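Undergrad: The structure's right below; bear with me while I get my questions together.
Each reported figure results from applying straightforward, stated rules to the coordinates on display, with no laboratory input. These numbers come from a predicted model, not from an experiment. Quick reminder, even Gly has a Cβ in these numbers, built from the backbone with ideal geometry, and neighbours come from all protein chains shown.
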Amino acid sequence: MSINLLAALAAMLTVATPLVWAGIGELIVEKTGVLNLGIEGTMYAGAFTGFLVALRTGSPWWGLLAAILTGVVAGLAMAVLSVTLGLNQHVSGLGLTLLLIAGCEFTFRMLYAGGRPKLDDKFDAWLSDVPVLEQHWLTYVAFLVLAPGTWWVLRSTGLGYRIHAVGENFEAAEVAGISVNATRYAALAVGGAFMAIGGAFLTLAVLGSFTLNIINGRGWVCIALVIFAKWRVWPVVLGALIFAVTDALQLQLAITTAFSDVPREVMLALPYVAVITALAVWGRKVHYPGSYLKAYRRA
Amino acid sequence: MMRLVLRGSEPRWVAPVAVLVAVLATVVLTAIPIRIAGANPPAAFERYLVQPLSSPQGIYEVLLSATPLLFTGIAVAIAFRAGYWNIGAEGQFLMGAVLTTWLALTLPDLPAVAALPFGLVAGAVGGAGWALLPAWLKRHGRIDEVVTTLLLNPVALLVVQGLLNGPWRNTASGFTDSDRFGTGYDLPEIVPGTRVHWGFAVALLIIALTWFVLSRTAVGLHVRATGAAPDAAAFSGVPVDRLRFRAALVSGGIAGLGGASQVMGVQHQLTQGISNNYGYTGIIVATLGGLTALGVVLVAGLLGDITVGAESVSLVLQVPTQLGDMFGALLMLTVLSALSWRRYRVQWRPPRRAAEDSEREEVGHR
Amino acid sequence: MSTAAPLLELEGITKRFGDLVANDSLSMSVGRGEVVAMLGENGAGKSTLMKIIYGLVRPDAGVIRMEGRTLNIRSPRDAMAAGIGMVTQEFSLVETMTVRENVALSGVGLGRIDARQHRARVEQAMERIGVDLQPERLVSTLSIGERQRVEIVKALFHDCRVLILDEPTAVLTPQDVRALFVTIERLRTSGLGVLFVSHKLREVAEISHRVVVLRRGTLVGERVTQEVGDAELAALMMGSTTASTTTTTDTDTAAAAVGLSVPATNRDASSPASPDPGARVPALSLTDVTYEVRGHPVLDGVSLQVMPGEIVGVAGISGNGQTELTGVLAGTLAASRGRVEVAGQDITRSGVGARLQAGLGRLTEDRRGSVIPQLSVEQNLVLEDLPAFTRRGVLDGAAIRRHAEELIERFDIRATPTDVIANLSGGNMQKVLLARTLARRPRALVAAQPTRGLDVGAYRYVHGRLEDLKARDGGVLVISEDLDELRSLCDRIVVLFRGRITAEVAPAEATSDRLGRMMAGEVSA
């Protein structure tokens, strides 16, 4: 039993990692008042290009770099649509997700019509003999660098102040000499990179291969987490862990205990149900960023 | 040097030209992957767009492919028209299919005369039921519907998967498909010998009804007012919240009807892939169709055409079918972009002044 | 040259929005230790000019100089760097940030911010201009006056030499105004130039050394404050045409043209338009009407009656409950307590439809918020009365068109029935709203700022229609900031101060001075 529990803990951290990367990416973007529904597609594209380049070059590092670039490009595309052109954020985000997923599936089928290629060389776990701490370096970075770093930047740097101001009241930000659009562009580019890293983690570190349903709604989970966390960093991390623990635990518990009767799907639906319940309970008390879903246009 | 300035007024030719430019851009952009896939773009486009329409059999297939998109497209259009951002047509479509399946599995031997109407009604109830919670939260809690409707989509998919993995697993094959429905639930073909079923006619009927209500009745004017300027509509006594709530339920109901039409008319059983992203594509259909009834019909037809064409291109020219999906999404993004640019015109300025201004074009102008 | 040059100098500033000329070749200056007032009505182009100076709007032509040096202001950042500070009309504060963070916002870099050191600097700056606020308080907890002080601190934080205040007193209590003037004086003596934008003559006379007057985008006059009288400034602001008397003939013909016949479908046949003179039921009656926001009364026990055939005016500085009073009457806000009656019928809790049915007409200050911009003129005209234009569930297009054409002709609306209403001018839009409201022959009309921003012709036209309604025994409640309008139109004027009716006066006795003091809260002025 204790071995199962440790294995579950280790699995939990691994499962949570892509959610932390992409969730924080989405958090940064939403902090500037943009809802990026391109997240699902961006994670997918990150997973795919990371895998493709790693496969072709033989190095997961090149794959990671490619994923990051893909994420930046996807973020900038979202920025052109929703910031410069001022299109509806949800329509442009969903359009981007559909386009990216279709594009990646297209390329994957074109290149590997029948086969199931596998990476020769993927990222190895660190501390491979230590239970629980046996994790990929991207997991360590997510929990020990990305989360505290984002928290610190948002809290006590000029950049954080700018992001906060743009997201809450973009007129005030503009009057204070902060470029609303530049801030949103930057947030979308960086956030896109983090989302793509979250996706690439699955192909480059966990699986070593690419499957067509690899993201499978993880992007939507992140959207849920960010709202559940009320746009704060640590609750996003906590939410990712809670989601991961239910996922990891039920794998363990399914073998042994009474939980085996609970369908896996119920567990998987938990984050969504939790967020909708939380929204219903918090109701009007949820404080969305003031410029949420609004395009900024100068007179 | 040139820069963009706001137009005083918009000439009539601008919007069509913008759309044309967007279509051309989409064609050029999709020609690249076709080329990379080793096919000849003109030949491929001929197969995507023209060939499906060149034979009666092809046209029937196009209508069949367009049917679910007609449902989800008009469903999304109705909600968007009322200013309710229903992103959840995907989940509502699935739950429509689920409730219809439940009925068909519970009462398998129902004769067609009862099974057909009850099956469709079950679908509508399933879709409307799935739309109820976000609509209720929006009306009574002012909770943004974009996120709630979106997040219920994966939940609906999990419901489908849970049911198919558990209680509804196929009793004969053990696969994760439901049992085949009783034949009473089969929507008959409109033209014998083809696969086009009466779901298509139901979709057209609903779209015609929508057009009529929106353009010819007081409720329709109220809905348009609500979507265009909710505060002003409320000022004029339009019951904005109630209208939106009802539009949300109607939207969900129609999407659910689409799910019922798909299980009863095409698959005759519930499958995991019952919704081939139809709900999300419905957003493309509605948006590209300008949220109008006729626009929805045209765009759903176009995407149906491309879907059928994509099958043949994939078989003959080895270009994966996903190009059809890429085309739809790309077309929406380029058309929206082009239309948003049309408020500006290009102005030529003397180089000296222009150099000072080049750094910040007045793109931000409304 | 450079020492003689004024601190801030504008030359030939021009800005067009589409066909509208917001600023037409404006030139002016502000010197060291000088307070310059800019006067102009709403819509005269003041706000556009402020935005140009602050880099929020780019001019089509013109030059801005600071101490003789030409500036190229492309964004607020450039303006701040040049020494220009601005306090905007609607505050530019982030409510979820603290006072300190808001002050830090302008000119913040990207890197780490030392909160403690920064707090000390903010406290220093506040001390310099005599502001006492806790730096770590959230802005959302501050009062309006306190927020404005934060704005001033923010503007001064970065070596500002010219401070622009855009309508700073519009939302302030008299005490806050006093405090603001003390602050301005303090800044001026320390060598700053101050540009004070306002449309209130009294304040301008009190605080400024020079006045420039803006009308319809053009600079129409520049005077030394001490040498100019209110009347002259008002004439400059309003334009000389206002002074000419209305010719009787055109009101008469207009009145005849209005004719006041209404499609039979609109009439409630069971209720005669003229009430029994013996009964004298008020057209509009408010009893102890209170409207609270978070337990805070914005309207506090307002009681008021408008009799048939009477026009009652409500005067007051904006922000004393006028908007809420309009909202409670129009049905967009729900009164917390009290009772509203139209011709004896209780409509306090009624929806908009029931209010209209009871005979209430509404013209609010937010015209664009009263029409559906994307719909056509005819659709907007019938929007509040669709059942009358529906036959067997279907809209009767022909009847709608006839109705629209009739109203367009009667109310002299310059548009066709199918024109999209967003493209209409302000005056035409107000005529559409007037037509929509008066076509129902209301017993009581609430008109908030009915002529704001209208040209002289439209101004007179609207007044004529309100007087017609009065002549037909309708009761009218006019809520306005235009004292001349109230004096010329009303039978009685009441003063709204901090949500209460604090005084009532006959128009003949309502001198500007007396009304002004009443509006500032003096009960027995």
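Undergrad: Rank-order A:8-19, B:319-330 by packing density, defined as the average count of other C-beta atoms within 10 Å over each peptide's residues, highest first.
TA: By packing density, highest mean first, the sequence is B:319-330, A:8-19.
Undergrad: Also: Ignoring everything except DSSP H segments at least 4 long, calculate the 222 nm mean residue ellipticity for chain A; use -39,500 (n - 2.57) per segment, divide by total residues, nearest 500.
TA: -22000 deg cm²/dmol
Undergrad: Just checking the output field for C:91-100: average partner chain Cβ neighbours within 10 Å of each residue's Cβ?
TA: The per-residue average across the peptide is 5.
Undergrad: Projected onto the charge dipole of the stretch B:65-288 (+1 at Lys/Arg Cβ, -1 at Asp/Glu Cβ, origin at the Cα centre), which of B:Gly279, B:Leu99, B:Thr210 gives the Cα projection farthest towards the positive end?
TA: Ranked along the dipole, the leading option is B:Thr210.
Undergrad: In percent, how large is the relative contact order of chain C, given Cα pairs closer than 8 Å and 6 or more residues apart?
TA: 14
Undergrad: Is there a simple number for the mean count of other chain Cβ atoms within 10 Å of the Cβ of residues in A:74-86, and what is it?
TA: Average neighbour count from other chains, rounded to a whole number: 2.
Undergrad: With axes computed from alpha carbons, what is the tilt in degrees of helix B:278-288 against the longest principal axis of chain B, rounded to the nearest 10 within 0 to 90?
TA: Taking Cα atoms only, the helix is inclined about 30 degrees.
Undergrad: With n ≥ 4 as the cut-off for DSSP H runs, can you work out [θ] at 222 nm for chain C, using -39500 (n - 2.57) per run divided by the number of residues, rounded to the nearest 500?
TA: Only helices count here, giving -9500 deg cm²/dmol.
Undergrad: Then there's this: Kirkwood hydrodynamic radius (Cα pairs, Å) of the stretch A:142-294?
TA: 17.8 Å is the Kirkwood radius here.
Undergrad: May I ask you to sort A:Phe106, A:Phe194 by Cβ crowding, counting other Cβ atoms within 10 Å and putting the fewest first?
TA: Ordered from fewest to most neighbouring Cβ atoms within 10 Å, A:Phe106, A:Phe194 come out as A:Phe106, A:Phe194.
Undergrad: From the residues C:Val30, C:Ala61, C:Gln175, which one has its Cα farthest along the dipole of the stretch C:8-241 in the positive direction, the dipole being from +1 and -1 charges on Cβ of Lys/Arg and Asp/Glu about the Cα centre?
TA: With unit charges placed on the Cβ atoms, the residue in question is C:Ala61.
Undergrad: I would also like to ask the following. I need to check one value: relative contact order of the stretch C:8-241, counting alpha carbon pairs closer than 8 Å and at least 6 residues apart, in percent.
TA: 30
Undergrad: Let me ask you something else. Averaged across the residues of A:155-167, what count of C-beta atoms belonging to other chains lies within 10 Å of each residue's C-beta?
TA: Per residue, the average neighbour count from other chains is 5.
Undergrad: Quick query: amide H of C:Val87 versus all other amide H atoms, modeled in the peptide plane; which residues come in under 5 Å with a sequence gap of 5 or more or a different chain?
TA: C:Ile164, C:Leu165, C:Asp166
Undergrad: Here is a follow-up. Among C:Ile144, B:Ala31, B:Thr292, pick out the residue whose Cα is farthest towards the positive end of the charge dipole of the protein assembly as shown, where Lys and Arg carry +1 and Asp and Glu carry -1 on C-beta, about the Cα centre.
TA: Ranked along the dipole, the leading option is B:Ala31.
Undergrad: Kindly provide the helix-only [θ] at 222 nm of chain B, computed as the sum of -39,500 (n - 2.57) over DSSP H runs of four or more divided by all residues, to the nearest 500 deg cm²/dmol?
TA: -22500 deg cm²/dmol
Undergrad: On to the next question. Taking a 19 Å limit on the Cα-Cα distance, which of the listed pairs A:Lys230/A:Lys285; C:Lys15/C:Lys46; A:Lys285/B:Lys138; C:Lys51/C:Lys154; C:Lys15/C:Lys154; A:Lys31/C:Lys51 fall beyond it?
TA: Pairs exceeding 19 Å: C:Lys15/C:Lys154; A:Lys31/C:Lys51.
Undergrad: Taking K and R as +1 and D and E as -1, what net charge do the other residues with C-beta under 12 Å from the C-beta of A:Leu202 add up to?
TA: +2
Undergrad: Please determine, in degrees from 0 to 90 and to the nearest 10, the orientation of helix B:293-316 with respect to the longest principal axis defined by the Cα atoms of chain B, where the helix direction is its Cα long axis.
TA: Here the helix axis deviates by roughly 80 degrees.
Undergrad: What are the residues whose amide H is under 5 Å from the amide H of C:Thr218, where those residues sit 5 or more places off or on another chain and H is modelled from the backbone?
TA: C:Asp24
Undergrad: Nearest 20 debye, what's the magnitude of the dipole of the stretch C:8-241 about its Cα centre given +1 on Lys and Arg Cβ and -1 on Asp and Glu Cβ?
TA: Value, rounded to 20: 540 debye.
Undergrad: Now for a separate question. Counting other C-beta atoms within 10 Å, which of A:Trp151, A:Trp137 has the fewest, and how do the rest follow?
TA: A:Trp137, A:Trp151
Undergrad: Around C:Ala510, which amide H atoms from residues at least 5 apart in sequence, or from another chain, sit under 5 Å from its own amide H, with H modelled in the peptide plane?
TA: When sequence neighbours closer than 5 places are left aside, there are no close amide H contacts.
Undergrad: Taking 2.2 N^0.38 Å as the expected size of a compact globular protein, what ratio does the Cα radius of gyration of the stretch C:8-241 give against it, to two decimals?
TA: 1.01
Undergrad: Starting with the fewest neighbours, write out B:Val213, A:Val83, A:Val29 ranked by other beta-carbon atoms found within 10 Å of each beta-carbon.
TA: B:Val213, A:Val83, A:Val29
Undergrad: If I fit a long axis through the Cα atoms of helix B:89-106 and take the longest principal axis of the Cα atoms of chain B, what angle between them do I get, 0 to 90°, rounded to 10?
TA: So the helix axis and the longest Cα principal axis differ by about 10 degrees.
Undergrad: Step through the residues of the stretch B:56-61 one at a time and calculate ³J(HN,Hα) from phi using the Karplus curve (6.51 cos²θ - 1.76 cosθ + 1.60, θ = phi - 60°), rounding each to whole Hz and writing x for Gly and Pro.
TA: Working through the residues one at a time gives x, 4, x, 4, 4, 5 Hz.
Undergrad: Based on the mean of other beta carbon atoms within 10 Å per residue, what is the order of C:357-365, B:247-255, B:54-62, most packed first?
TA: Order by mean packing, descending: B:247-255, C:357-365, B:54-62.
Undergrad: Let me ask something additional. What helices does chain A hold that run 24 Å or longer along their axis, going by alpha-carbon atoms, with a Kyte-Doolittle average of -0.5 or more, using DSSP H for the helix calls?
TA: TM-like helix candidates: A:2-31, A:39-57, A:60-79, A:89-111, A:180-200, A:233-256, A:264-282.
Undergrad: How much of the DSSP beta bridge set in the protein assembly as shown is antiparallel, as a percent to the nearest 5?
TA: Roughly 60 percent of the DSSP beta bridges within the protein assembly as shown come out antiparallel.
Undergrad: Which value, in debye to the nearest 20, describes the size of the charge dipole of chain A about its Cα centre when Lys and Arg Cβ atoms bear +1, Asp and Glu Cβ atoms bear -1, and nothing else is charged?
TA: 720
Undergrad: How high is the relative contact order of chain B, in percent, counting Cα pairs under 8 Å that sit 6 or more residues apart?
TA: Once normalised by length, the contact order is 37 percent.
Undergrad: While we're looking at this one, here's another question. Given Cβ point charges of +1 (Lys, Arg) and -1 (Asp, Glu) and nothing else, what value in debye, to the nearest 20, does the dipole of chain C about its Cα centre take?
TA: 1060
Undergrad: Any idea what diffusion coefficient the protein assembly as shown gets from Stokes-Einstein, in µm²/s, Kirkwood Rh on alpha carbon pairs, 10 °C, 1.306 mPa s?
TA: 48
Undergrad: Roughly what percent of Cα-Cα pairs across chain B reach past 37 Å?
TA: Summing the P(r) of chain B above 37 Å gives 27 percent of all pairs.
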